[in-house]
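Worksheet: one structure, shown below.
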Amino acid sequence: MLYYLFDFLDREFDLIGAGVFQYISFRAGMAVLVSLLITITFGKSLITMLRKKQVGETIRDLGLEGQMQKKGTPTMGGLIIIAAIVIPTLLFAKLENIYVILLLVTTLVLGAIGFLDDYIKVFKKNKEGLAGRFKIVGQVSVGLIVGATLFFSDDVVVREFSETPTEIQAGEQTEVSFTDSKSTTTTIPFVKNNELDYSKLNPTENDLITAAIYILIVIFFVTAISNGANITDGIDGLAAGTSAIIGLTLAILAYISGNAIFSDYLNVMFIPNSGELVIFCTAFVGACVGFLWYNSYPAQVFMGDTGSLSLGGVIAVLALVLRKELLIPVLCGIFVIENLSVILQVSYFKYTKKKYGEGRRIFKMSPLHHHYQKMEIPEPKIVTRFWIVGILLAIITLATLKLR
């Protein structure tokens, strides 16, 4: 909104300083600043309100050290995360941008699903919350909307230049022709000719079958990473800190993908208008970091499913929009491992129970962070080590831009 206001003031009245809103870097900086201010300033008020309404976390006794001390800690803190993402984005981003619209829809819809789950747990006193099938339906619906938009919308294109933008900058020619085309290509990490076209997975030439394949892939990523973030949100600060690291990495990738010079230099697909996602990403990072002000150990508030489902879904959609979803196993390695630890634990337990009559376990407890808690490692140390692993994975992700 402010972008349009200052753009108008710059064009009509030549207001001094108004033109600075044209720069993505300035708007991104303002977005992260406002996001931090929202979470830190209004977070305390939200915690007080939640305590008055007795919106406390119901703790299931798993025999973990210090676990029962968290009983009654306010939950639904994801509300402040969502506000700190949405408000700065509305203020500083170009709201007609198709990618910004998709990310806002993802944030709000998955946030609403998570809120409903938390509401049932807290106010209906149902520890199970929203039935798993309804969560999956909501995640699949978001994936369907995102996948269909990315496949069919004329605003979603990849740009190919006849001459490189670098040559223009060097003064070798004044104009360069380019072609914007619909494409189902994505980036394969660590490969020299690093593009995969999903249409090649279709043995026929039927566009509807290609669309179905692509949409199913989108649904898989949205559902998997959304649930991964949800599972990771088990100890103080783990999900928020990990998400902040991932969000910052995606902000860098968005800036590169939306800049003709940098994308050409690094041989990355140039995606017109994707640079606008830097504003969304910085708001996302600010919201996660600001939330840690109250969520770091010992937590004064939990994000609940309201926050974790939306954080994971947003990360997945950002990667898909930037055509970096095949980097998710690396960048979102924490979420992936947490997910896999649960799948492996449950599968192995069922298999051994059927074969030996007694269920056996791979980990002391799943998800993985509980395994380390069972090993009596202090909670803050577990979180810090997971963050360090997350930073290493982010560095490896960025290194894939050159390591081919």
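Would you compute, from DSSP H runs of 4+ residues alone, the mean residue ellipticity of the chain at 222 nm, taking -39500 (n - 2.57) per run and dividing by the full residue count, rounded to the nearest 500? Write down the numbers at each step before the final one.
Numbers: 15 runs with 253 residues, N = 404.
Result for the chain: -21000 deg cm²/dmol, rounded to the nearest 500.
One decimal place: the segment Gln54-Ala112 gains 18.9 nm when fully extended, by the rule 0.36 nm per residue minus the C-alpha distance. The Cα center of the range 352-404 and the Cα center of the range 222-294 differ in position by 21 Å. Computed from backbone phi, the HN-Hα couplings of the range 368-380 come to 4, 5, 6, 4, 6, 5, 5, 7, 6, 7, x, 4, x Hz, rounded to whole numbers (Karplus: 6.51 cos²θ - 1.76 cosθ + 1.60, θ = phi - 60°; Gly and Pro given as x).
Rounded to the nearest 0.05, the FRET efficiency derived from the C-beta distance between Ser45 and Lys124 at R0 = 30 Å is 0.75. So how tilted is helix 24-52 from the main axis of the chain? Cα-based, degrees 0 to 90, rounded to 10. Helix 24-52 sits at roughly 20 degrees to that axis. Of the whole protein surface, Met30 contributes about 60 Å² of accessible area at a 1.4 Å probe radius.
How large is the Rg to Rh ratio of the range 118-270 when both quantities use alpha carbon positions and Rh follows Kirkwood? Before the final figure, lay out the partial values.
Details: Rg = 20.4 Å, Rh = 18.9 Å.
In the range 118-270, Rg relative to Rh is 1.08.
Under the simplified labelling scheme, the Ser153-Val137 pair shows an inter-label distance of 2.6 nm, with each label point 7 Å from Cα along Cα→Cβ. What GluC sites (Glu not before Pro) does the range 314-401 have in DSSP loop regions with at most 15 other beta carbons within 10 Å? Answer in residue order: Glu358, Glu376.
Relative to the dominant Cα principal axis of the chain, helix 2-13 is inclined by about 20°. Ordered from highest to lowest accessible area with the whole protein assembly present and a 1.4 Å probe, Thr106, Thr223 read as Thr223, Thr106.
Largest accessible area first, the residues Val105, Val34 order themselves as Val105, Val34 under a 1.4 Å probe with ligands, DNA and RNA left out. Remark: the Phe363-Ile377 segment gains 3.6 nm on full extension, using 0.36 nm per residue and subtracting the alpha carbon distance. For the range 235-341, the carbon plus sulfur part of the accessible surface works out to 68%, probe radius 1.4 Å.
To the nearest 10, the accessible area of Lys182 is 90 Å² with a 1.4 Å probe.
Computed 3J(HN,Hα) for the range 98-106, one whole-Hz value per residue from the Karplus formula 6.51 cos²θ - 1.76 cosθ + 1.60 where θ = phi - 60°, is 4, 6, 4, 4, 4, 5, 5, 4, 4, glycine and proline marked x.
With springs only between Cα atoms under 10 Å apart, run a GNM on the chain and tell me which of Asp305, Asp207, Asp197 wobbles the most. Between Asp305, Asp207, Asp197, it is Asp207 that shows the largest mean-square fluctuation. Compute the angle between helix 207-232 and the longest alpha-carbon principal axis of the chain, please, reported from 0 to 90 degrees and rounded to the nearest 10. The helix 207-232 is inclined about 50 degrees to the chain.
Computed over the chain, relative contact order equals 24 percent, with contacts defined as Cα pairs under 8 Å that lie 6+ residues apart.
A cut-off of 5 Å between modelled amide H atoms, ignoring neighbours fewer than 5 places along the same chain, links Glu195 with Ile188.
Placing a label point 7 Å from the Cα of Phe190 along the Cα-to-Cβ line, no residue of the range 229-261 has its backbone N under 16 Å from it. A simple spin-label model places pseudo-atoms 7 Å from Cα toward Cβ; at Leu9 and Leu344 they are separated by 5.6 nm. Sparsely packed loop sites in the range 360-397 (the trypsin sites (Lys or Arg not before Pro) outside DSSP H, G, I, E and B with at most 16 other Cβ atoms within 10 Å) comprise Arg360, Arg361, Lys364. Please go through the residue pairs Lys71/Lys324; Lys353/Lys374; Lys44/Lys121; Lys71/Lys353 and name each one whose alpha carbons sit more than 29 Å apart in this structure. With Cα atoms farther than 29 Å apart: Lys71/Lys324; Lys71/Lys353.
The values are calculated or read from the model by the stated rules, or taken from the named source; none is laboratory data. Keep in mind that this is a model prediction, so the values were computed, not measured. Note: ideal-geometry Cβ built from the backbone for every residue, glycine included; neighbour counts use all protein chains shown. Quick note on the areas: whole protein, heavy atoms, side chains included, nothing else; ligands and nucleic acids left out. Shrake-Rupley method; radii C 1.70, N 1.55, O 1.52, S 1.80 Å.
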